[in-house]
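To start, the structure under review is shown below, and the notes come after it.
The values are calculated or read from the model by the stated rules, or taken from the named source; none is laboratory data. Worth saying up front: this structure is predicted, and the values here are computed from it rather than measured. A quick note on method: Cβ atoms are made from the backbone with ideal geometry, for glycine too, and the neighbour counts reach across all protein chains shown.
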Amino acid sequence: MSILGPILSVVFVVIVARMLLKNYYPHAVLLVAGLLMLILAFILGKEMPVLLQPSGTFTFDLFALIKESFAETSIGVGLLIMAIGGFVAYIDSIGASDALVVVVMKPLSLLRKYPFVAAAAVIPIGQLLFIAIPSAAGLSLLLMASIFPILVNLGVSNLTAVSVITASTALGVGPASAISVRAANIAGISPVSYFVDWQINIFILLTIVLTITYYITSRYYDSKMKPEEKNPGMKAQKATQSAPALYAFIPILPIVLLLIFSEVNSWFAKPIVIDTTTAMFASLFVALILELIRKRNLKTVLASLNQFWNGMGDIFKSVVTLIIAADVFSKGLIALGFIDGMVMLSENMGLGVVGFGIVFTILIFLAAMLTGSGNAAFFAFGPLIPGMAAKFGVSPASMILPMNFSANLGRTVSPVAGVIIASAEIAHVTALQLVKRNLIPMLAALIIMLIYHFV
């Protein structure tokens, strides 16, 4: 394999990182860099991304790639993020967010002196929810709608609140996780057995590590911030209960619906399963009905739906478009041979089973960090594991386990990951600021996992 492509991909990563650190417009930087890498990949004769409807010529295929990325994102994670963004805007406009804060703050007032304990406690709770709601973007944004304002009112900074929320999705485990199911298939065991026999011990260990690490780092970083830096974009006044106390239930209704109507329970004779976007729209109409009962003015209530559409539009122009640009950038990296280069590097190092496992785990972490997708990084490396396991005479599950975890850990420190971009936007911070907050705890979790598994 020619090493020119992988070398060029690393050069692009360095240039893009430097431009983003200098506050260049990220949408344009990622999109242009991705297109340039695709052009170079084509010139070098690399394998190009497969299009659903190729134009017949490479020139127009570049723009067709952007079109298909728009289409795929808009009907998938883009619609999910826009629906949650619209829901957040709507519940804020009707006072439901403030009602939740007021209601929850009463029993949590005892923790006002210990806000970082409350923030750290979000991580184990969120990790348990992530098993039942295995969408990183979906769960994080649901928690942004419900938990974020509570943490901020307890006294932590926006960055601390959003960082512990994104950390809740750093360990994708369980039979509903796409990466876990793929890992179990590669290992030749059932997803349930893989979770119970292999994942759960490391899951518990890393959850404890993340909880403790975030408590320490959050206290340190918040103590170094100026008062005006802690809560950008937040209301200056304390939340007041302008809406009925019943409205406090609206922000958490989507989570309740997803837990009830999911594959993890057997409450119904015929399983009823809904996705996050469906839960958002269902919750929106519950809120509309409550507003109609409260105000008894159909015209006003119907007009209030405009807040939902405006919220969707704001998220589209700021978040979804950035995710699309990041997707093009990721495709350019892969086409130019970034992941292939890392595989070749690891295979040529002549490592033993422990060394190989550690190197591959770190490479998957880096690939997820640079591409913004834990799935893409893991799915690219995963198929190589059975052959390597046979070569070393070890269990495929033993080799693939740390790589499974490192993919999600790496995604949580990626400035181009959809969950990071979307959560940072709602928190009124930048993706790079959020990544910096997440970096030390995620590296600590990665190191502890490698020591626990391989030493």
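Cβ-Cβ distances below 9 Å connect the following pairs, each with a first residue in the range 212-224 that is free of Cβ contacts under 8 Å to residues at least 60 places away in the same chain, a second residue that is not aliphatic (A, V, I, L, M), and a separation of six or more residues or different chains: ILE216/PHE116; ILE216/PRO441.
For every residue, the table says whether it meets (1) over 25 Å from PRO134 (Cα atoms); (2) assigned by TED's automatic domain parsing to the domain that holds PRO244; (3) out of contact with any strand residue (DSSP E or B) (no Cβ under 6 Å at 6 or more places or on another chain).
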| site | (1), (2), (3) |
| --- | --- |
| PHE285 | no, yes, yes |
| LEU290 | yes, yes, yes |
| LYS299 | yes, yes, yes |
| ALA303 | yes, yes, yes |
| ASN306 | yes, yes, yes |
| ILE323 | no, no, yes |
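The sole residue among GLY95, GLY76 that is without any contact (Cβ under 8 Å) to a residue 12 or more places away in the chain and closer than 30 Å to SER304 by Cβ is GLY76.
Scanning the range 403-420 for residues that are under 8 Å from the mean Cα position of the chain (by Cα), assigned to a helix (DSSP H, G or I) and among the small types (Gly, Ala, Ser) yields a count of 1. Taking the criterion of being surrounded by fewer than 16 Cβ atoms within 10 Å (Cβ to Cβ) and either in the same structural domain as ALA136 (by TED's automatic domain parsing) or at pLDDT below 80 (or both), the residues of the range 347-378 that qualify are GLU347, ASN348, MET349, GLY350, LEU351, GLY352.
Has the range 391-404 got any residue that is of a type outside the set (Val, Ile, Thr) and in contact with a Gly (Cβ under 6 Å, 6 or more places away or on another chain)? Spell out the reasoning first.
The first filter runs over the range 391-404 and keeps only residues of a type outside the set (Val, Ile, Thr), leaving 391-393, 395-399, 401-404.
If we keep only those that are in contact with a Gly (Cβ under 6 Å, 6 or more places away or on another chain) too, we end up with 399.
Taking every residue of the range 391-404 in turn, at least one turns out to be of a type outside the set (Val, Ile, Thr) and in contact with a Gly (Cβ under 6 Å, 6 or more places away or on another chain).
Which condition from (1) modelled with pLDDT under 80; (2) closer than 22 Å to GLY313 by Cα is the one that PRO107 breaks? Result: PRO107 fails condition (2) only. For the range 165-215, a tally of residues being at positive phi and hydrophobic (A, V, I, L, M, F, W, C) returns 0. Looking only at residues in the range 182-211 that are of a type in the set (Ser, Thr, Tyr), in contact (Cβ under 8 Å) with a residue 12 or more places away in the chain and over 18 Å from ILE451 (Cα atoms), the one that is surrounded by the most Cβ atoms within 10 Å (Cβ to Cβ) is TYR194.
Per-residue answers, yes or no, for (1) among the aromatic types (Phe, Trp, Tyr); (2) buried (at least 24 other Cβ atoms within 10 Å of the Cβ); (3) over 15 Å from the mean Cα position of the chain (by Cα):
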| site | (1), (2), (3) |
| --- | --- |
| SER74 | no, no, yes |
| PHE87 | yes, yes, yes |
| GLY95 | no, no, yes |
| PHE116 | yes, no, yes |
| GLY126 | no, yes, no |
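Scanning the range 167-195 for residues that are more than 21 Å from ILE123 (Cβ to Cβ) and polar (S, T, N, Q) yields ASN185, SER190, SER193. Say we look at the range 268-278 and pick out the residues that are closer than 17 Å to ILE133 by Cα and at pLDDT below 85; which of these is surrounded by the most Cβ atoms within 10 Å (Cβ to Cβ)? Ranking the qualifying residues of the range 268-278, first place goes to THR276.
Scanning the range 334-345 turns up no residue that is touching a Phe, Trp or Tyr at 6+ places or on another chain (Cβ under 8 Å), buried (at least 18 other Cβ atoms within 10 Å of the Cβ) and in the same structural domain as ASP197 (by TED's automatic domain parsing). Residues being in contact with a His (Cβ under 8 Å, 6 or more places away or on another chain) and either more than 23 Å from GLY188 (Cβ to Cβ) or touching a residue at least 60 places away in the same chain (Cβ under 8 Å) (or both) are represented in the range 350-364 by at least one member. Taking the condition touching a residue at least 12 places away in the same chain (Cβ under 8 Å), in a helix (DSSP H, G or I) and touching a Gly at 6+ places or on another chain (Cβ under 9 Å), does ILE179 pass? Against the criterion (touching a residue at least 12 places away in the same chain (Cβ under 8 Å), in a helix (DSSP H, G or I) and touching a Gly at 6+ places or on another chain (Cβ under 9 Å)), ILE179 qualifies.
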